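Inspection log for the structure reproduced underneath, given as structure tokens.
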Amino acid sequence: MAPLQILVVDDDALVLSSTAMMVEDLGHHATGAMSGAEALSLVEVERFDLVITDFAMPGMTGAELIKTLAKTHPDLPCLLATGYAVLPPGMPKDLVRLDKPFNEDRLGESIALALGGFRR
């Protein structure tokens, strides 16, 4: 797989940096955002191949971010990282979910699933 431009979104700085490091260890390029609003600003000025977002964030949840991106950037696949067992209704049926905590191998598998199931 060619290196991807991946946007990692998490309001926890430690989780954000560790996820970004794993993304880079997998051979991809990571850009971090600490909120849904920051992520939306970044996708307007940069090109990303994938968004990995946390679910529970103040202001805008990862679910809300994914729903917004589905409208504004329908060709941008998303991956939801969460420790929650149940997601809110209305999430895309083909959304790849990455259960927290996760390791680099599981992250790599989830990235491949998110891109493999996405029709460009």
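Among the listed residues Leu98, Leu65, identify the single one that is assigned to a strand (DSSP E or B) and in contact with a Ser or Thr (Cβ under 9 Å, 6 or more places away or on another chain).
Values: Leu65 fails: assigned to a strand (DSSP E or B).
The conditions single out Leu98.
From the set of residues in region 43-56 that are in a helix (DSSP H, G or I) and over 13 Å from the mean Cα position of the chain (by Cα), which is nearest to Leu80 (Cα to Cα)? Spell out how you get there, then give the answer.
Filtering region 43-56 for residues in a helix (DSSP H, G or I) gives 43-45.
Still in the running and over 13 Å from the mean Cα position of the chain (by Cα): 44-45.
Numbers: Glu44: 20, Val45: 22 Å.
Going through the qualifying residues, I end up with Glu44.
Please work out if Pro3 is surrounded by fewer than 19 Cβ atoms within 10 Å (Cβ to Cβ), touching a residue at least 40 places away in the same chain (Cβ under 8 Å) and not in a strand (DSSP E or B). Write out each step before concluding.
Values: surrounded by fewer than 19 Cβ atoms within 10 Å (Cβ to Cβ): yes; touching a residue at least 40 places away in the same chain (Cβ under 8 Å): no; not in a strand (DSSP E or B): yes.
Here the answer is no, as Pro3 does not meet what is asked.
Mind counting the residues in region 13-41 that are touching a strand residue (DSSP E or B) at 6+ places or on another chain (Cβ under 6 Å), assigned to a helix (DSSP H, G or I) and of a type in the set (Val, Ile, Thr)? Spell out the reasoning first.
Just the residues of region 13-41 that are touching a strand residue (DSSP E or B) at 6+ places or on another chain (Cβ under 6 Å), to begin with: 16, 19-20, 23-24, 28-33, 39.
Okay, now just the ones that are also assigned to a helix (DSSP H, G or I), so 16, 19-20, 23-24, 39.
Now narrow it down to the ones that are of a type in the set (Val, Ile, Thr): 19, 23.
Residues flagged as touching a strand residue (DSSP E or B) at 6+ places or on another chain (Cβ under 6 Å), assigned to a helix (DSSP H, G or I) and of a type in the set (Val, Ile, Thr) within region 13-41 amount to 2.
We did not get these values from a lab; they are worked out from the coordinates using the rules stated. Nothing here was measured: the structure is a model prediction, and the numbers come from that model. Cβ sites come from the backbone with ideal geometry, for glycine too, and all protein chains shown count toward neighbours.
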